[in-house]
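Would you mind keeping the following structure in view while I ask a few things?
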Amino acid sequence: MERILTTFLISMAGALMTGAPDAVAGGVEVSHLGVNNTLVRTNGEGRYLMLPVQESSDDAKINVLVDGNIAETIYVRLAKSKIDYTVPFDLSPYKGHDVIMDIISPQGRSSVREAKEDVCWKAFELADTFDISNNEKYRPAYHHTPLYGWMNDPNGMFYKDGTWHLYYQHNPYGSKWQNMNWGHSVSTDLINWTHLPIAIKPNGLGSVFSGSAAVDSANTAGFGNNAVIALYTSAGTSQMQSLASSTDDGVSFSIYPGNPVIALESEARDPKIFRNNDTDEWNMVLAHPLEHEMLIFTSPDLKNWKYRSSFGKGLGAQGGVWECPDLFELPIEGTSDKKWVLICNINPDGPFGGSGTQYFIGDFDGRTFKADTDKDGNIPTKWLDYGKDHYATVTWSDAPARRRTAIGWMSNWQYAADVPTTQFRSANTLPREIGLFRAPDGDIYASSAPAPEVEQLRGCLTSRINKTTIGKKPRTVQLPASNDGICEIVMDIEAYKADAIDLVLSNSSGDKVKMQYDTRKHTLSFDRTESGIVDFSENFPAVTVTPTHEAEGRIQLRIFIDRSSMEVFGNGGRFVMTNLVFPSVPYTILALSSQGGNAKISNLKIFSINTK
């Protein structure tokens, strides 16, 4: 009798462990193993397994088991009480294999029955396509954004055979930071972008953080003539620098088996590589974030790197981590002289809180960077953009005609995860051309002007004023009503007798963006405290101010308005402000007025924007 009972109990235990799944639907089986562990098995046809997301949930850890082995690990905010949107997990690389999602949920449950109540378990489904139309109110019309999911730093940008390659920090499984991959987009005109599959995914060394890429035309690394070489930070328990190579023009990369190529005793990240023709070797600038400095290395082959020097400790803005560096040489406008520019993105401690892009002007001999001093013998802090939403700015390598073309992440770490969008988060700035000029104070500064390709965006000329005088009473101009009011505004302003000139963009809901050119202080301010939705973060309402670097009381403005951003370029990019805005309805009116006397406005033009 005892033997019979033992056999019965063993058989019952086996039945409990191998019994039918808790739910079966559309080729997906769900089996709950405990209060925090669930298996989701795909046994049907479909390219994608659609994952239901609720942004207020905590991340669930998902080990993707392929034939019983962990192929990759992702983190997803699986829906608990409601589904905000779904994201696709691409099954095509594992076609013909057994795929199981081993899900470890973070939320504590009192019982398996309670765990089964999460809405996600009945919402997993297989699909061959998924909706990427994404018609969110604040999705930009003409700035680069991911098709879906989260995006932050631009990475690995290079130009080759007529194509601009843009990689970016990307979470394809939700619109908050996590699962860092290199997303990939390409363009032939810097305006219209084609989205390609993820280029570099995490591996055993960790997530794929920021880095750079260049064309190895002389095959110094041994991967073939004109191979694309990427250096990036592998971020696992520690941060280290890894190499990947591509022989199909950056579409896919092979991870170098000798990684990491640089492993330091302290945190370091975001390698920027470039070929130094003066020294006939490769240079790397590597951020030493917690030490608030940049490290400089050299290499003959992109694999073996030698430390040469450091720069920055105690200089410039020091209140945040230093990251995302760049280093390049440019001519000074109107002269035959050249200088080197060292870009240092910093967070926090930007000019108006949170993220910002500072830079240093100086000399570089291939080993050491030495910054210039001002007339008082100090090394000044300089900012490439005085808005709140311009960060991680880096330039394309191998750009044609010696161009130094840059792009930035158009957000701020203070509130990037809280902006009022859902299926996607974040956009890039317009592409910009970096130059050098000498200002009236005698110092050399970097300019940042819209790339020439941006003029392709101009549609119809909707308003034009050749010349007018403005005073205390506002002169109003209608903005385009079509396409959510997106437009480009250009104008020349001459202070004449005015102490200040005011530009106010407004709509029927009372939202306002107020700009003021202070002719005495030689500054331009941008006030978005009443610009629309501003209450999602205490750090979002702000007034930003930029020096105008002029002494004659004249400025030229180009203002680009998209559905959720404004970029203001002054005097050919000698001063710039980039700010997000979320108006309740599109801005429809531009009002111009002056204080303390009359001013002159000339060559005012408003263009609609062409979008596909």
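Taking segment 458-500 as the search range and keeping residues that are of a type in the set (S, T, N, Q) and outside any strand (DSSP E or B), which one is most open to solvent (accessible area, probe 1.4 Å)? Spell out the reasoning first.
Filtering segment 458-500 down to residues of a type in the set (S, T, N, Q) leaves 462-463, 466, 468-469, 476, 478, 482-483.
Adding the requirement that they be outside any strand (DSSP E or B) leaves 482-483.
Working: 482: 74, 483: 58 Å².
Checked segment 458-500; the qualifying residue most open to solvent (accessible area, probe 1.4 Å) is 482.
Let me ask something else about it. What number goes with the only condition from (1) in contact with a helix residue (DSSP H, G or I) (Cβ under 7 Å, 6 or more places away or on another chain); (2) closer than 18 Å to residue 380 by Cα; (3) of a type outside the set (Phe, Trp, Tyr) that residue 323 does not pass?
Tallying (1) in contact with a helix residue (DSSP H, G or I) (Cβ under 7 Å, 6 or more places away or on another chain); (2) closer than 18 Å to residue 380 by Cα; (3) of a type outside the set (Phe, Trp, Tyr), residue 323 fails exactly one: (2).
Keeping to segment 514-531, report how many residues are part of a loop (DSSP other than H, G, I, E, B), under 15 Å from residue 581 (Cβ atoms) and open to solvent by 20 Å² or more (accessible area, probe 1.4 Å).
2
Give just the number: which of (1) modelled with pLDDT under 95; (2) out of contact with any Lys or Arg (no Cβ under 9 Å at 6 or more places or on another chain) does residue 410 not satisfy?
Among (1) modelled with pLDDT under 95; (2) out of contact with any Lys or Arg (no Cβ under 9 Å at 6 or more places or on another chain), residue 410 violates only (1).
Pairs needed: first member in segment 207-224, open to solvent by 50 Å² or more (accessible area, probe 1.4 Å); second member anywhere, not aliphatic (A, V, I, L, M); C-beta distance under 6 Å; at least 6 residues apart or different chains.
What qualifies is 217/226; 219/225; 223/245.
Go through 39, 65, 49 for me and flag whichever is surrounded by 20 or more Cβ atoms within 10 Å (Cβ to Cβ) and either touching a residue at least 24 places away in the same chain (Cβ under 8 Å) or under 34 Å from the mean Cα position of the chain (by Cα) (or both).
Details: 39 fails: surrounded by 20 or more Cβ atoms within 10 Å (Cβ to Cβ); 65 fails: surrounded by 20 or more Cβ atoms within 10 Å (Cβ to Cβ).
From the options 39, 65, 49, the qualifying one is 49.
Which pairs do you get when a residue that is free of Cβ contacts under 8 Å to residues at least 12 places away in the same chain and closer than 9 Å to residue 362 by Cα, found in segment 332-344, comes within reach of a residue that is open to solvent by 10 Å² or more (accessible area, probe 1.4 Å) and in a strand (DSSP E or B), reach meaning Cβ atoms under 6 angstrom, with the pair 6+ apart or on two chains?
Final answer for the pair search is none.
Against the definition (under 27 Å from residue 398 (Cα atoms), assigned to a strand (DSSP E or B), touching a residue at least 24 places away in the same chain (Cβ under 8 Å) and touching a Leu at 6+ places or on another chain (Cβ under 7 Å)), how does residue 328 come out, yes or no? It would help to see each step written out before you state the result.
Working: under 27 Å from residue 398 (Cα atoms): yes; assigned to a strand (DSSP E or B): yes; touching a residue at least 24 places away in the same chain (Cβ under 8 Å): yes; touching a Leu at 6+ places or on another chain (Cβ under 7 Å): no.
It is false that residue 328 is under 27 Å from residue 398 (Cα atoms), assigned to a strand (DSSP E or B), touching a residue at least 24 places away in the same chain (Cβ under 8 Å) and touching a Leu at 6+ places or on another chain (Cβ under 7 Å).
Something else: List every residue pair whose Cβ atoms lie under 7 Å apart, where the two residues are 6 or more positions apart in sequence or sit on different chains, the first residue falls within segment 264-276 and is in contact (Cβ under 8 Å) with a residue 40 or more places away in the chain, and the second residue, located anywhere, is surrounded by fewer than 18 Cβ atoms within 10 Å (Cβ to Cβ) and part of a loop (DSSP other than H, G, I, E, B).
Taking only residues 6 or more apart or on different chains, the pairs are 276/366.
When residue 541 is evaluated against the numbered criteria (1) crowded, with 20+ Cβ neighbours inside 10 Å; (2) within 19 Å of residue 389 (Cα to Cα), which criterion, by number, is the only one it fails?
The number of the failed condition is (1).
Read through the list (1) within 30 Å of residue 552 (Cα to Cα); (2) in contact (Cβ under 8 Å) with a residue 24 or more places away in the chain; (3) part of a loop (DSSP other than H, G, I, E, B), then give the number of the only condition that residue 435 fails.
(3)
Now for a separate question. Considering only segment 581-608, state which residues are of a type outside the set (Ser, Thr, Tyr), open to solvent by less than 10 Å² (accessible area, probe 1.4 Å) and part of a strand (DSSP E or B).
If the condition is that a residue be of a type outside the set (Ser, Thr, Tyr), open to solvent by less than 10 Å² (accessible area, probe 1.4 Å) and part of a strand (DSSP E or B), then 590, 592, 599, 601, 604, 606 are the ones that fit.
Considering only residues of segment 261-276 that are charged (D, E, K, R) and touching a Phe, Trp or Tyr at 6+ places or on another chain (Cβ under 8 Å), which is least open to solvent (accessible area, probe 1.4 Å)? Write out each step before concluding.
Let us first name the residues in segment 261-276 that are charged (D, E, K, R), namely 265, 267, 269-270, 272, 275.
Restricting the remaining residues to those that are touching a Phe, Trp or Tyr at 6+ places or on another chain (Cβ under 8 Å) gives 269-270, 275.
Values: 269: 27, 270: 11, 275: 76 Å².
Checking each candidate, the answer is 270.
Same structure, new question: Looking at (1) out of contact with any Lys or Arg (no Cβ under 6 Å at 6 or more places or on another chain); (2) modelled with pLDDT under 95, can you tell me which one residue 484 breaks?
That leaves (1) as the condition not met.
Quick test of your reading of the structure: residue 316 fulfils all but one of (1) surrounded by fewer than 17 Cβ atoms within 10 Å (Cβ to Cβ); (2) over 30 Å from residue 186 (Cβ atoms). Name the failing condition by number.
(1)
Give me the strands (runs of 3 or more DSSP E) completely within segment 8-124, filtered to those with at least 3 residues that are among the β-branched types (Val, Ile, Thr), modelled with pLDDT of 95 or more and closer than 21 Å to residue 148 by Cβ, ordered by residue number. Steps first, answer last, please.
Numbers: elements: 23-25, 28-32, 37-42, 48-53, 60-66, 69-76, 85-90, 99-104.
It comes to 69-76.
Regarding residue 417, is this residue assigned to a loop (DSSP other than H, G, I, E, B), at pLDDT 95 or above, surrounded by fewer than 22 Cβ atoms within 10 Å (Cβ to Cβ) and of a type in the set (Gly, Ala, Ser)? Don't jump to the end; show me each part of the working.
On the way: assigned to a loop (DSSP other than H, G, I, E, B): yes; at pLDDT 95 or above: yes; surrounded by fewer than 22 Cβ atoms within 10 Å (Cβ to Cβ): yes; of a type in the set (Gly, Ala, Ser): yes.
Yes, satisfied.
The values are calculated or read from the model by the stated rules, or taken from the named source; none is laboratory data. Quick caveat: nothing in here was measured; it's all calculated off a predicted structure. Here the Cβ is made from the backbone with ideal geometry for all residues, glycine too, and neighbour counts use every protein chain on show. Quick note on the areas: whole protein, heavy atoms, side chains included, nothing else; ligands and nucleic acids left out. Shrake-Rupley method; radii C 1.70, N 1.55, O 1.52, S 1.80 Å.
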